[in-house]
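Encoded as structure tokens, the structure appears first; notes follow it.
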There are 2 protein chains.
Amino acid sequence: MEGELSEALGRVLRLGEAPRLTVAGRTDAGVHARGQVAHADVPADSWAAHADTAPRRLARALPPDIRVRAIAPAPEGFDARFSALWRRYSYRVCDDPAAADPLRRHDTLWHPHVLDLAAMNRAAAGLLGEHDFAAFCRHREGATTVRALRRLDWQRDADGVAVGCVVADAFCHNMVRALVGALLPVGAGSRPPGWPSAVLAAAVRDPAVRVVPPHGLCLEEVRYPEPDQLAARAALTRRLRD
Amino acid sequence: MEGELSEALGRVLRLGEAPRLTVAGRTDAGVHARGQVAHADVPADSWAAHADTAPRRLARALPPDIRVRAIAPAPEGFDARFSALWRRYSYRVCDDPAAADPLRRHDTLWHPHVLDLAAMNRAAAGLLGEHDFAAFCRHREGATTVRALRRLDWQRDADGVAVGCVVADAFCHNMVRALVGALLPVGAGSRPPGWPSAVLAAAVRDPAVRVVPPHGLCLEEVRYPEPDQLAARAALTRRLRD
């Protein structure tokens, strides 16, 4: 997807070659991204000559599963990945045949049991804050698994679909899907609301937590600080991640 | 799809064999149906024994692209196909990169040019009423192509996607997709608003009308008369169609 976008951008801005993209959130295979952000360095004259027509020409050049909704010059110091303050993901679960829309099967998990969202929200509240999320992450040598979880809650949308909202400064590989995987058994009544917190406290991957399928998950939004804070934020993030 | 549903119903109601289904709207390949209606004759004791658990067990038995949202005994005289008063379809077209949601690519046509919905609505108004829609139908020997078009108009939804609403007593094969195919060039400015009416008046298939792809189309609703009118409506429809 990144390769296709980079190549289309190179063609549309007539750069001669595909520019290198830096992407805000690298999603696992099968995860959607409705609010992805990326940056690339391109010559000012190519930009000036082709900026106006770029969105429609990109739409023509790209396959239907990739769309560039807006494209604009970035402020000085902007880094799509390291300047980000936080990322917001959604996870859609349908637990009611009367609410099931087969047209949304590509971005909605079907769950055979009714979910108690109040119980899931009680459990989720115990996970908020800065913690070592090693219990919900795939271990990578030398990488920290400390993250600040700012929001994790569930509500039903107008159609009755349960939608989880997850916000953190950043996420480790598989982390959102493991968090959701720890909350669904609470919603279905097979685990008590205190279970996800106990898993977190153990700080080791718990095989009882099943990572949910990727297709219910979507990167919805990436938030950046005010322009004058972009470079400082990027420097700070780089230091924390290394 | 009909075969899979019939088989699942046979299993869930423990009928011994798959019941014969009568479906309200037989959709072309690739067309969605969010509001499909079907009926089947099943023994009263099988129904009584398994009705309560049927919706959830059907959800478990069916693939994710088929869901039974509700199941209930039908009033005397009900025929899912012949008792119907009208069918309502929607057709989704996105003409703006800023509004494009790749997650809806499975049920939304991408259109490279901005559409003038007011021009399309002027054109559509000229097609309303009872007419011989032979110009928009694939000809079938011995079948009438007279239909009553009750509604055909376009508006933008909250996301800016152009959504066409089409209501008729019934539709011939390909008819909605041909009607939309006659209106899109009006919206894009390559045909005048009077063109679709002129095509209708000619009453022969016009190769200039391009049948749009099936994936933007969805059967949304099938409306039936009050219970005491069901049998009379079915008898009338059978007479008209033969």
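Where a number appears in this text, it was derived from the coordinates with a stated rule and is not lab data. Being a predicted model, the structure only gives us computed values, none of them experimental. Using ideal geometry, Cβ is built from the backbone for each residue, glycine included, and neighbour counts are taken over all protein chains shown.
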Practice item. Go ahead and run the numbers for FRET between residue B:2 and residue A:153, Cβ-Cβ distance against an R0 of 41 Å, rounding to 0.05. Key: 0.50
Review point. How far apart are the residue A:1 label points across copies, placing each 7 Å from Cα toward Cβ, in nm, shortest first?
Key: 2.6
Point to revise | Cα convex hull of the protein assembly as shown - mean projected area over all directions, nm² | key: 27.5 nm²
Practice item. Loop sites only, by DSSP: take the GluC sites (Glu not before Pro) in chain A that have at most 13 other C-beta atoms within 10 Å and name the longest stretch containing none of them. Key: A:142-242
Review point. Which distance in Å, rounded to a whole number, links the C-alpha centroids of region A:186-242 and region B:25-70?
Key: 38 Å
Practice item. Positive end of the charge dipole of region A:86-222 (Lys, Arg +1 and Asp, Glu -1 on Cβ, about the Cα centre): tell me which of A:190, A:98, A:163 has its Cα farthest that way. Key: A:190
Review point. Label points 7 Å out from Cα along the Cβ direction at residue A:18 and residue B:46: separation in nm?
Key: 5.5 nm
Review point. Considering chain B as a Gaussian network with a 10 Å cut-off on Cα pairs, which listed residue, B:65, B:153, B:228, attains the greatest mean-square fluctuation?
Key: B:65
Check your understanding: How large is the charge dipole for region A:2-81, taken about the Cα centre, if only the Cβ atoms of Lys, Arg (+1) and Asp, Glu (-1) carry charge, to the nearest 20 debye?
Key -> 320 debye
Check your understanding: Hey, what's the Kirkwood Rh for region B:87-203 if you take every pair of different alpha carbons, in angstrom?
Key -> 14.6 Å
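Please work out the Kirkwood hydrodynamic radius for region A:146-228, using every pair of different C-alpha atoms, and report it in angstroms with one decimal place.
14.3 Å
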Practice item. Rank B:38, B:61, B:98 by mean-square fluctuation in a GNM of chain B with C-alpha springs under 10 angstrom and give only the top-ranked residue. Key: B:98
Practice item. Mind checking A:56-64 for the average number of partner chain beta-carbons within 10 Å of each residue's beta-carbon? Key: 4
Practice item. With only Lys, Arg, Asp and Glu charged, each at its Cβ (+1 for the first two, -1 for the last two), find how big the charge dipole of region A:19-161 is about the Cα centre; round to the nearest 20 debye. Key: 200 debye
**Study point:** Nearest-first distances (nm) between copies at residue A:64, label 7 Å from Cα via Cβ
**Key:** 1.8
Practice item. Could you work out the relative contact order of chain A, using alpha carbon pairs under 8 angstrom and six or more residues apart, expressed as a whole percent? Key: 28 percent
Check your understanding: Kirkwood Rh, chain A, all Cα pairs: how many Å?
Key -> 19.5 Å
Review point. Hey, got the average number of other protein chain Cβ atoms within 10 angstrom for residues in B:101-113?
Key: 5
Check your understanding: Which trypsin sites (Lys or Arg not before Pro) in region A:80-144 pass both tests, a DSSP loop state and at most 15 other beta-carbon atoms within 10 Å?
Key -> A:138, A:140
**Study point:** Proxy reagent accessibility, fewest Cβ within 10 Å first, across A:120, A:175
**Key:** A:175, A:120
Check your understanding: Taking chain A as a Gaussian network, Cα atoms linked when under 10 Å apart, which of A:182, A:143, A:118 shows the biggest mean-square fluctuation?
Key -> A:143
Practice item. Report the net charge of residues surrounding residue B:204, where surrounding means a beta-carbon distance below 14 angstrom and charges are Lys +1, Arg +1, Asp -1, Glu -1. Key: 0
Check your understanding: Can you give the charge dipole size of region A:43-100 about its Cα centre, rounded to the nearest 20 debye, using +1 on the beta carbon of Lys and Arg and -1 on the beta carbon of Asp and Glu?
Key -> 120 debye
Check your understanding: So what is the relative contact order of region B:1-125, in percent, for Cα pairs below 8 Å that sit 6 or more residues apart?
Key -> 21 percent
Revision key, fill the gap. Classified through the alpha carbon gyration tensor (a ≥ b ≥ c as square roots of its eigenvalues; rounded if a/c is under 1.5, else prolate when a/b is larger than b/c, else oblate), region B:27-167 comes out oblate
Exercise for review: Would you mind classifying region A:2-81 by shape? Square roots of the alpha carbon gyration tensor eigenvalues, ordered a ≥ b ≥ c; an a/c under 1.5 is rounded, otherwise it is prolate if a/b is larger than b/c and oblate if not.
Suggested key: oblate
Check your understanding: What is the Cα coordinate range of region A:107-153 on the first, second and third principal axes, sorted by size from largest, in whole angstrom?
Key -> 40, 22, 17
Check your understanding: Cysteines of chain B lacking any other cysteine beta carbon under 4.7 Å?
Key -> B:94, B:165, B:218
Review point. If one computes the Cα centroid of region B:145-160 and of region A:93-135, what distance in Å separates the two points?
Key: 36 Å
Review point. So, counting K/R as plus one and D/E as minus one, what does the shell of residues with Cβ under 15 Å around residue A:41 add up to?
Key: -2
